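Written below as structure tokens is the structure these notes are about.
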Amino acid sequence: MKTQFILFTLSGIMRFRKIIFLFFTATPGFVYGQLVSTEPYALQDKTVSFMHRLEKELITFVEQADSVSNASMEERNTLLQKSVFFREISKYLDENRFAYESVRRQSFEKLTPPPIDLEKALRLTPIVDSSLTILWKEADYARLLTFQSFTAEAIMGLIANTMLPVIVETSSNIYDDLMLDSQIGPLIYGLPVLRDKWQLFMITRHYCIAVDFNLTTQDVDNVRFATLSDSSPDLSNLAISGNPKTTVDSLSQGLQKIGWSILADTAYLRASHTEILQTLAVKKQQFFLEHLDQYTQVRKTLLSRFPATGVLPTEYRLKISGEELGDTFLQSISFLNPTVFSVETITTQLANSIAGQLSWGGRPDYKALSLKAMMGYLHRVRPTANHYIWQVQACGYQTLIEYQWDISTGKITDLKYYERI
């Protein structure tokens, strides 16, 4: 789905190359001492609340950006610098710079260096496309783009999304490739250069991206990449990356190992994407059941930080319900269950999927999708009589989503989607 972000519209997703099957032997040891690291979630909640207070300024900024979509980069820079939204968010980032640095440093310090010299092995080359380099070379843009990215994985995922049109070629099965890649997940490595400067590496089945990131200044530079092909060097000695510090870290690492191990299994060498996804779903569900206690404890802990649900505001009207969307829709959401630790993941997936359903056969409202993504969702929750089932209210840009979530099964029921009138 096409997404607008800040002043740019990324278009033209290009062709992926053949799959490289890597073999992984590392088995993550599970960490039971600490369930989650609460600091990143506290900063995330604070940032979402700030964005909701800045809703009017954000809408004005996006409307102004739309009006100068064909303007020069210099004119766009002027608009950015003069906007109330930019001034307010810059002030927020300055006031919270130590919190951002602390949270990101915790994430970076969990990373392990790549087991081989990727710079030399893959001959990483710099990005030369001016429309992309401006995003990262200009500190103002970089700060704006990464203000909701609190981990190395989130930062590299964001950079990868902006670079896809450059590093891959058009393909008839591009959507299958993206679906499979999203379910497997990338490998993220980190290498400290100085105390505040890190080299970050992201490897998928198709490409490698490397950047330098400064934790203090939030500068992103030296962005480079390499595509992987049959002629690429042997990467079979790569291992699942990261030093888990919490139960969430260990569970995430276990899920990652499942995906990459399937790709490394020669039995799936000629399997279709559908067959691999089915196998992946089965193995992930088995992993979920094997670690059900840990999942339940993590989910309950993360839910407990939110305030209690309240009365539905009068300015919202019901747009569509789970009954109208059908069982197949809710089943597709439950497919993600083993990868869900926090309720935000479910809400985001529900919001995007419902928007897709409502715009079926037509053109989605890309501006509204951008605003929803940038603002995030304010959550209110409460446990029901069945202490495994929680009532959830999630308020986003002009929308409110209500549903019940069974944290022991991942099942979603009593779904209602409202729009503000």
Quiz item: What is the one condition in (1) open to solvent by less than 10 Å² (accessible area, probe 1.4 Å); (2) of a type outside the set (D, E, K, R); (3) touching a strand residue (DSSP E or B) at 6+ places or on another chain (Cβ under 7 Å); (4) at pLDDT below 90 that SER171 does not satisfy?
Solution: (1)
Quiz item: Counting only residues that are in a helix (DSSP H, G or I) and in contact with a strand residue (DSSP E or B) (Cβ under 9 Å, 6 or more places away or on another chain), which one in segment 263-319 is nearest to LYS46 (Cα to Cα)?
Solution: LEU303
Quiz item: Can you name the number of the only condition in (1) open to solvent by less than 50 Å² (accessible area, probe 1.4 Å); (2) touching a Leu at 6+ places or on another chain (Cβ under 7 Å); (3) more than 19 Å from GLN183 (Cβ to Cβ) that LEU303 fails?
Solution: (2)
Practice problem: Mind listing whichever residues of segment 116-137 are over 18 Å from MET202 (Cα atoms) and surrounded by 17 or more Cβ atoms within 10 Å (Cβ to Cβ)? | Solution: LEU135
Quiz item: If a residue has to be surrounded by 17 or more Cβ atoms within 10 Å (Cβ to Cβ) and within 22 Å of the chain's Cα centre (by Cα) to count, how many in segment 375-397 make the cut?
Solution: 11
Quiz item: How many residues are in a strand (DSSP E or B), among the β-branched types (Val, Ile, Thr) and under 22 Å from GLN106 (Cβ atoms) when one looks only at segment 210-230?
Solution: 2
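The values are calculated or read from the model by the stated rules, or taken from the named source; none is laboratory data. Being a predicted model, the structure only gives us computed values, none of them experimental. Here the Cβ is made from the backbone with ideal geometry for all residues, glycine too, and neighbour counts use every protein chain on show. All accessible areas refer to the heavy atoms of the entire protein, side chains included, with ligands and DNA or RNA removed. Shrake-Rupley method; radii C 1.70, N 1.55, O 1.52, S 1.80 Å.
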